[in-house]
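Structure record follows, encoded as structure tokens.
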Amino acid sequence: MNRKLIAGNWKMNGLRADLSIIREVAAGASPSLQAPELLLCVPATLLGEAVQAATGAALKIGGQTCQAADKGAFTGDISAPMLAEIGAHYVIIGHSERRTGHGETDEMVAAQARAAVNAALTAIICVGETLEQRASARTLEVIEGQLAGSLQGLKSPASFVIAYEPLWAIGTGKVATPAQIGEVHAFIRAFLVDRFGPPGRGVRILYGGSLNPANAPEILPIQDVDGGLIGGASLKAGDFLAIYATASALTV
Ligand code: PGA
């Protein structure tokens, strides 16, 4: 069984006043290596102070995207070495809000993931289908295409995590059913083992999309669900820690 990862995605939320949430989460993180890994991906403006707030605690801090290039004329962008230097350990890559809102293609996602890995960050690569794609029974085909494109050039399965986030479940309060989640996670697992051999079993596959303390007990135990990527519920320390507690209870 893979060590679970409970990852928060703050998106464009969080001002200095919210650093107290990070401190509260840090205080609730168990130092045991048996416990799930705990991660908060915060806006770039808060990274430095978030890393400080998490120092000494079993809480890691991550970014939410990075450029494929290490430096250069990319106004407004942030590079993987910049994230690594400030103390981030992870970066979310190819979130659907980046894919749809910023036109990121699978090729761009793969290049960003390679940049992240070169900077010794763990890339959390997001995939997921739209409601229309699901309705027309193309979910697995879409996921396969995204995986094939977004993993190009990634050689070490230990350097990345996959997050399955059905677009229709993100921020909507609609959660995929356990059967839907189980089917897609098993499919992703088979893809990874086919691509990387037995080490593909060690790649963690997170579920994301309206995960909250109430539905976590049903979702986190599903086969091949190695944790969660949590948006809204990661903005409240109590909710985020409750999901972490559910994951913790599964690992003991
Ligand atoms: P949500 O967001 O938990 O608010 O649905 C998940 C995500 O977009 O990563």
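A short reminder: the numbers here are calculations on the coordinates, not readings from a lab. Given the structure is predicted, the values throughout are model-derived calculations rather than measurements. Every residue, glycine among them, receives a Cβ derived from its backbone with ideal geometry; neighbour counts consider all protein chains shown.
List of remarks:
- Proximal lysines to LYS60, defined as alpha-carbon separation beneath 23 angstrom and excluding residues fewer than eight positions away on the same chain: LYS4, LYS11, LYS236
- When the trypsin sites (Lys or Arg not before Pro) in the stretch 1-57 are filtered for DSSP coil states and for at most 15 other beta-carbon atoms within 10 Å of their beta-carbon, the remaining sites are ARG3.
- Residues of type aspartates and glutamates that LYS155 reaches as a straight line, Cα spacing below 15 Å, ignoring anything fewer than 8 places off in the same chain: ASP194
- Options SER79, THR55, GLY101, ranked by Cα towards positive dipole end of the stretch 5-249, top entry (Cβ charges): THR55
- A straight chain from LEU140 to ILE86 at 0.36 nm per residue would run longer than the Cα-Cα distance by 15.7 nm.
- Charges were assigned to the Cβ only: +1 to each Lys and Arg, -1 to each Asp and Glu. The resulting dipole of the stretch 5-249 about its Cα centre is roughly 260 debye.
- A simple count of charges around GLN112, restricted to other residues whose Cβ falls under 12 Å of its Cβ and scoring Lys, Arg +1 and Asp, Glu -1, yields -2.
- When +1 charges are put on Lys and Arg Cβ atoms and -1 charges on Asp and Glu Cβ atoms, the dipole computed for the stretch 1-109 relative to its Cα centre reaches about 300 debye.
- Relative contact order (%) - criterion: Cα under 8 Å, at least six apart; region: the chain: 21
- Residue of GLU37, GLU132, GLU24 that the Gaussian network model of the chain assigns the largest fluctuation, springs spanning Cα pairs under 10 Å: GLU132
- Within the stretch 200-250, the proportion of Cα pairs with more than 15 Å between them is 39 percent.
- At q = 0.13, 0.17 Å⁻¹ the log10 of I(q)/I(0) for the stretch 5-249 amounts to -0.74, -1.33, computed by Debye summation with a single uniform scatterer per C-alpha, solvent ignored.
- Placing unit charges on the Cβ atoms of the charged side chains and taking the dipole of the stretch 124-249 about its Cα centre, the candidate lying farthest along the positive direction among SER156, LEU241, VAL225 is SER156.
- Per-residue [θ]222 nm for the chain (sum of -39500 (n - 2.57) over DSSP H runs n ≥ 4, rounded to 500): -11500 deg cm²/dmol
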